[in-house]
């Protein structure tokens, strides 16, 4: 049947055998398809759908390890989002409802302090949503602002005192006693599909070269130049670039316009002079046209550009 979450399976993996404190923190990860019966009126493109892929990680740790794990998770989340080009973040801390909660006041206080310490360690400002946490633990939500000012919730770091209790999860502590682990939920993208949607909105389709599905498109001027275009393509593909060829069956101007509408980062035009000189004409997105560029020089330029990506 359609599953709404991945968490129970990770709890069963933890419970599959006796665990020692030496194994903690135990970190599990899954790209799992989950389903939510969203109301028809709330469905919105990739942003809100009924079936989606969740990048789900669950960390089982001791109370002493909680703060360092949260700081590490926040480091990871921010570094990945920045690598994708997001710089404007907002952070929201949800704290305990005074009535609806499980677990002791002490463990809630410890977990909330750990979340606050992680936020303070990064020097970020955050809003506190008093009483807005789920009954099973406090959490941090991270929102990003796209290129036209809209905000989207992406990442979540959530403490959970409920599932370890319900699944009777235990580990053997260093004194031989049996202790209950704390469970952390971490969703970096939340929904992979929604994250793609946010990326499209953020870049308005003009992805940076490293992220573009097609990095280079080659346009032979005429049928006679297609063999050379294939040679150029083979050379670039061999160096790890993503390349396609728009065949000369349509007019060159139409193919150039199509490539611009598709926001391809680099469009290479090859004609008689390029075949003779073993060069290409370079039409870089948003830049002036260059002629007579050697294949190796162009490849080095693109490889240098994409090497600056952190991913």
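Worth a mention:
- Once the chain from residue 88 to residue 75 is taken as fully extended at 0.36 nm per residue, the excess over their C-alpha distance is 3.1 nm.
- Ranked list, fewest to most other Cβ atoms within 10 Å of each Cβ, for 55, 234: 234, 55
- Look at the Cα gyration tensor of the stretch 242-311: its axes a ≥ b ≥ c give a/c of at least 1.5 with a/b at or below b/c, and that counts as oblate.
- C-alpha long axis of helix 66-83 to longest principal axis of the chain, angle in °: 20 degrees
- Each helix, a run of at least 4 DSSP H residues, gives -39500 (n - 2.57); summed and divided by the residues of the chain, these come to -10000 deg cm²/dmol at 222 nm.
- Cα point-scatterer Debye curve for the stretch 123-254, base-10 log of I(q)/I(0) at q = 0.16 Å⁻¹: -0.96
- Relative contact order of the stretch 7-203, taken over Cα pairs closer than 8 Å and 6 or more residues apart, is 28 percent.
- Degrees separating the helix 295-307 axis from the principal Cα axis of the chain, which is the longest one: 20 degrees
- Counting other Cβ atoms within 10 Å as a rough exposure proxy, the listed residues 143, 185, 202 run 143, 202, 185 from fewest neighbours to most.
- DSSP beta bridge pairing in the chain, given as percent antiparallel to the nearest 5: 80 percent
- Ranked list, fewest to most other Cβ atoms within 10 Å of each Cβ, for 125, 68: 125, 68
- Among beta bridges from DSSP that stay inside the stretch 209-307, the antiparallel ones total about 50%.
Every read-out reported here was derived from the displayed coordinates using simple, explicitly stated rules and does not represent laboratory data. No experiment lies behind these values; they were computed from the predicted model shown. FYI the Cβ positions are ideal-geometry reconstructions off the backbone, even for glycines, and counts take in every protein chain you see.
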